[in-house]
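The values are calculated or read from the model by the stated rules, or taken from the named source; none is laboratory data. The shown structure was predicted, so the numbers you read here are calculated from the model rather than taken from an experiment. Neighbour counts are summed over all protein chains in view; Cβ atoms, including those assigned to glycine, are modelled from backbone coordinates with ideal geometry. Just so you know, the surface numbers come from the protein's heavy atoms only, side chains and all, with ligands and any DNA or RNA stripped out. Shrake-Rupley method; radii C 1.70, N 1.55, O 1.52, S 1.80 Å.
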Amino acid sequence: ALKKTKMADPPPKKPKVAKALKPRSWEIMGNPQEDHDYWIKRSGARAQLYAAGYEKDDFERSVVTVAAPYMSYIMCNQRFRTLADEVATALRECDALGYVSHQPVISDGQTMGSAGMQYSLPSRDLVADCIELMHDGYRADGIVTIGGCDKTVPGVLMPIARGNHVGITLYGGTAHSGEYKGKKLTPGSPFEAIGSYSKGTMDLEDFKEVECRSCPGSGTCSGMFTANTMSTSVEALGMALPGTSTRAAIDKTTKKVTERKLQDCRDTARALMNLLDKNIRARDIMTTKAFENAITVVQALGGSTNACLHLIALAQEAEVPITIDHFNTIGDKTPLIGNLKPFGKYNVVDFDAIGGLPVAMKVLLEAGLLHGDCLTVTGKTLAENLKDVPLPNPSQDVILPLDKPLAPCGHHLNILKGTLCPGGAVLKLSGKELPFFEGPARVFDNEVDALNAILEHKIKKGDVLVIRYEGPKGGPGMPEMLSCGAALIGAGLGGSVPLITDGRFSGANHGIMIGHVVPEAASGGPISVAREGDKITIDLKKRLLNLDISSEEMSKRLAEWKAPPPKHTGRSVLGRYARLVKDASHGAILE
């Protein structure tokens with residue numbers, strides 16, 4: 001007779017990890033104390049986990065998704081394998097297992113002005129979907145995500161909000177400032193140098209030096225561009241640990257990940273376990289008040305227009321009623337106090353040196369501009385987190401006093417409406433005065449033709465540059481217009497030529513930039529029928545952006561308009577994206 005094979009011993013009867021810390025992962029590996037028959041059925045899964053490196057006691061540990069978008073040749077996310085592994089090691093010390101996975105990432109800076117830029121914004125939603133697949137597919141108990149290049153910061157948080165998971169996000173860190181001839185440089189500097197060189201105000205030697213010195217090592221773009229805008233707004237939202245949003249990614253000398261950033265990884269892992277223990281979920285933190293805090297920080301620090309897309313997208317994932325109109329309501333009571341690039345003197349590492357975001361938030365909290373009772377990933381309220389944070393040293397000028405701001409309330413991001421943009425548009429003022437502007441439209445159906453016109457000196461002071469068919473559907477993918485905006489700055493036209501587009505802007509853009517025009521041209525919005533020479537007016541006092549033609553002429557043109565054929569069809573990523581994406585005023589999220 002055949003001998004009966006003895007089955008492997010079941011795990012100990014008293015699990016080391018409390019059930020509250022392992023609410024879902026038992027579904028994969030079974031729990032003999034809860035359901036012995038189900039535990040038997042999960043033998044195949046456990047066999048494969050043994051093969052992947054599990055030991056017997058590991059089946060009792062919490063399982064934590066560690067998601068880190070990665071590509072080897074992108075300065076923003078280049079060190080994310082190191083950071084993810086550090087998080088996993090710290091989780092192991094907390095008696096949990098980190099399931100590390102990497103998602104795609106598209107560099108805006110590298111793809112800017114090329115067809116590759118069309119894939120940038122769509123990558124945000126793909127990153128979110130990839131993380132959701134890994135987290136829910138493996139029934140993990142908690143989640144730690146790491147963001148860097150700007151679409152990945154909202155992209156790694158969206159699935160946490162979508163599933164109302166127990167989770168936390170960590171910023172991979174910003175880059176150090178570049179420098180040349182005593183001036184601070186940023187990744188936006190080479191784009192502005194193109195305009196200067198084409199105008200003849202910069203020689204080829206200086207042009208090459210700016211190119212080689214603007215990005216001195218790994219980390220996100222060094223100014224208050226989109227990545228740092230989103231990292232600071234996510235910290236203000238309460239979903240990242242205090243002080244982690246402004247730290248440098250690497251040591252400037254050794255080019256290695258800093259000890260502070262490695263400590264951020266360890267602290268984030270421990271904070272996740274505390275959230276699991278207390279069952280604090282994303283939507284306990286991501287409330288209406290928390291989003292108002294995030295928008296306040298964006299307006300106070302001079303953040304990117306892309307915040308209008310990403311914070312609305314995050315709010316929709318969290319089922320919180322935030323709209324583009326909140327940016328005006330909050331902007332009207334928030335002065336611009338961040339003296340940060342692209343329009344100010346300093347980069348984000350300089351901000352970190354004076355105490356980082358907590359110092360700025362302490363100023364705003366004491367002035368009654370933040371909701372101090374919002375819960376955060378520390379398990380404490382915002383006010384409790386900031387209790388012992390000092391106010392900025394009066395001798396520094398990175399964060400200015402509220403009574404002596406860089407610009408008064410209402411002088412940064414403004415939402416415009418009007419006959420050119422009945423569904424909204426975003427004006428980035430960055431402290432400038434622009435009560436009224438009118439000029440003739442110079443109309444281009446793509447970014448490339450517009451850039452060529454600038455470099456060939458065909459755009460003159462007082463013109464209004466219109467670039468259309470670059471929206472979420474029309475681009476598709478809503479590419480950024482940094483090349484054109486920076487070329488205007490380099491050519492000395494930044495303060496005299498508004499740029500209006502249904503596309504969007506890099507956080508590095510400054511000048512008179514109006515983007516996110518809704519409805520976009522590809523959807524038959526009024527921007528689609530603007531013609532060369534039409535008068536366009538910008539009335540900031542009334543927050544109006546108008547195409548100055550009669551209503552009869554507008555109706556006639558719209559009736560005659562025919563949609564151009566889509567640039568991408570079928571089952572391609574961009575073809576599907578163009579069919580499913582909503583407009584910019586709704587965060588360009590997918591249906």
Net charge over other residues, Cβ less than 14 angstrom from the Cβ of residue 286 (K, R count +1; D, E count -1): -1
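Charges at C-beta only: +1 for Lys and Arg, -1 for Asp and Glu. How large is the resulting dipole of the stretch 493-545 about its Cα centre, in Debye rounded to 20?
Dipole magnitude for the stretch 493-545 comes out near 220 debye.
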Whole-angstrom gap from the stretch 298-329 to the stretch 189-251, using each part's C-alpha centre: 22
Per residue accessible area in Å² of the chain, where ligands, DNA and RNA are left out and the probe is 1.4 Å: 39
Neighbourhood charge, 14 Å Cβ-Cβ cut-off, centred on residue 223 and excluding it, Lys, Arg +1 and Asp, Glu -1: -1
Antiparallel %, DSSP beta bridges [both residues in the chain], to 5: 45
Summed side-chain charge close to residue 549 - residues other than residue 549 whose Cβ falls under 15 Å, Lys, Arg +1, Asp, Glu -1: -3
Nearest-ten-degree value, helix 120-137 long axis tilted from longest Cα axis of the chain: 10
Contact order normalised by residue count of the stretch 44-159, Cα under 8 Å, 6+ apart, percent: 33
Cα-centre dipole for the stretch 359-454 with unit charges at Cβ (Lys and Arg positive, Asp and Glu negative), debye to 20: 120
Solvent-accessible area, 1.4 Å probe, carbon plus sulfur percent, for the stretch 184-237: 52
Heavy-atom SASA rank of 436, 291 (probe 1.4 Å, accessible area, largest first): 436, 291
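For the stretch 337-490, give the share of DSSP beta bridges that are antiparallel, in percent and rounded to the nearest 5; count only bridges with both residues there.
Close to 55 percent.
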Which listed pairs, of 417/541; 199/460; 261/289, have C-alpha distances above 18 Å, in listed order: 261/289
Whichever lysines have a C-alpha closer than 29 Å to that of residue 41, once near sequence neighbours (fewer than 8 apart) are set aside: 3, 4, 6, 13, 14, 16, 19, 22, 56
Cα gyration tensor, the stretch 384-511 - rounded (a/c under 1.5), prolate or oblate: prolate
Euclidean distance of C-alpha centroids, the stretch 436-504 and the stretch 92-111, integer Å: 36
Degrees, to the nearest 10: 288-301 long Cα axis against longest axis of the chain: 50
Percent accessible area from carbon and sulfur atoms, the stretch 382-436, protein chains only, probe 1.4 Å: 60
For the chain, cysteines whose Cβ has no other cysteine Cβ within reach (under 4.7 Å): 94, 130, 212, 215, 221, 265, 308, 374, 409, 421, 484
The stretch 456-523, accessible surface, carbon-and-sulfur percent (1.4 angstrom probe): 52
